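Visitor: Got a structure here, written out as structure tokens. Questions coming.
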Amino acid sequence: MSGAELPGATSATSGTGATGATGPLPRDEWLFTPTGEARGYVQPHALSELWFHTGTACNLACPFCLEGSKPGDRRLGRVGFADVQPFIDEAAQLGVRQFSFTGGEPFIVRDLLRILDYALARAPCLVLTNGVDALPARLTKLAALRARPHPLALRVSIDYPDPVRHDSGRGAGNFLEAWRALALLHGAGFRVGLRHPRRAAGRAASDRELHEAVSDRGHAARIHVCLQQDGREAERAHARLRLHAGG
């Protein structure tokens, strides 16, 4: 089945008699197949979200990480402001509705706050983070971004709703650090999300356990809970949850 005719496209097939062979095709190969047929295409009407990968380096070395990220990893270099600025500008011209950032750990990127400052002048932003070390160290400067024209949301990874299981993959003390980060971010006025990866059977905590864990903590907050499953994130209904900076 041939694709829809591209606007302004013309056939570039040059016949050579009864054999039906084709000669050289002076055409853009993105627009036509090797036989000269117009390729199918999807006409975009808007750009809803643009994701940036900030690099494979991370402050943790979780054995289950899909990226295989770890401290000092350089397979994908850390992005700088000059790397992303042209794409932010182009996306803004296309009417982008959100910029999102993942890694690695975005908060170990030196230029991240400058990038967010620039992007938040154009659209809302979302940052996925483990909430450990790098984020709390930059919280004061991060809080200043609340004055930008668009909101910043942060989603902190919580593997399990208890310290033993969570720390078994991320390292001792990481559970409490991540919960403290959630509380600090909420206290600073940011929209905060929990990113809860669902892995193989027996490795993921149930929704009930997760909700019980957060409901036992101090300050009431509206937290957006997301479950990551098979590489995709299924949005979960907003729930009235509670958290605080303690254990």
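Values in this text are rule-based calculations from the coordinates and carry no lab data. What you are looking at is a predicted structure, and each value in this text was computed from that prediction instead of being measured. Cβ coordinates were reconstructed from backbone atoms using ideal geometry, including for glycine residues, and neighbour counts include every protein chain displayed.
Visitor: With the crude spin-label approximation of a point 7 Å out along Cα→Cβ, what separation in nm comes out for ASP133 versus LEU47?
Guide: Simple spin-label model gives 3.3 nm for this pair.
Visitor: Turning to a different aspect of this structure: Quick check of the Kirkwood formula: for segment 102-163, what is the inverse mean of 1/r over all pairs of different Cα atoms, in Å?
Guide: Hydrodynamic radius (Kirkwood, Cα only) of segment 102-163 equals 12.3 Å.
Visitor: What percent do you get for the relative contact order of segment 90-172 when only Cα pairs under 8 Å and 6+ apart count?
Guide: Contact order relative to length: 30 percent.
Visitor: Under the rule of at least 5 residues apart or a separate chain, name every residue whose amide H is placed under 5 Å from the amide H of GLY103.
Guide: THR54
Visitor: Another question, then. Under the rule a/c < 1.5 gives rounded, and otherwise a/b versus b/c splits prolate from oblate, where does segment 66-148 land using the Cα gyration tensor?
Guide: In terms of gyration-tensor shape, oblate.
Visitor: Would you list TYR160, TYR118, TYR41 from fewest to most Cβ contacts within 10 Å?
Guide: Fewest-to-most Cβ neighbours within 10 Å comes out as TYR41, TYR118, TYR160.
Visitor: Can you find, among GLY171, ALA188, PRO151, the residue farthest towards the positive end of the dipole of segment 114-200? Put +1 on the C-beta of Lys and Arg, -1 on that of Asp and Glu.
Guide: Ranked along the dipole, the leading option is PRO151.
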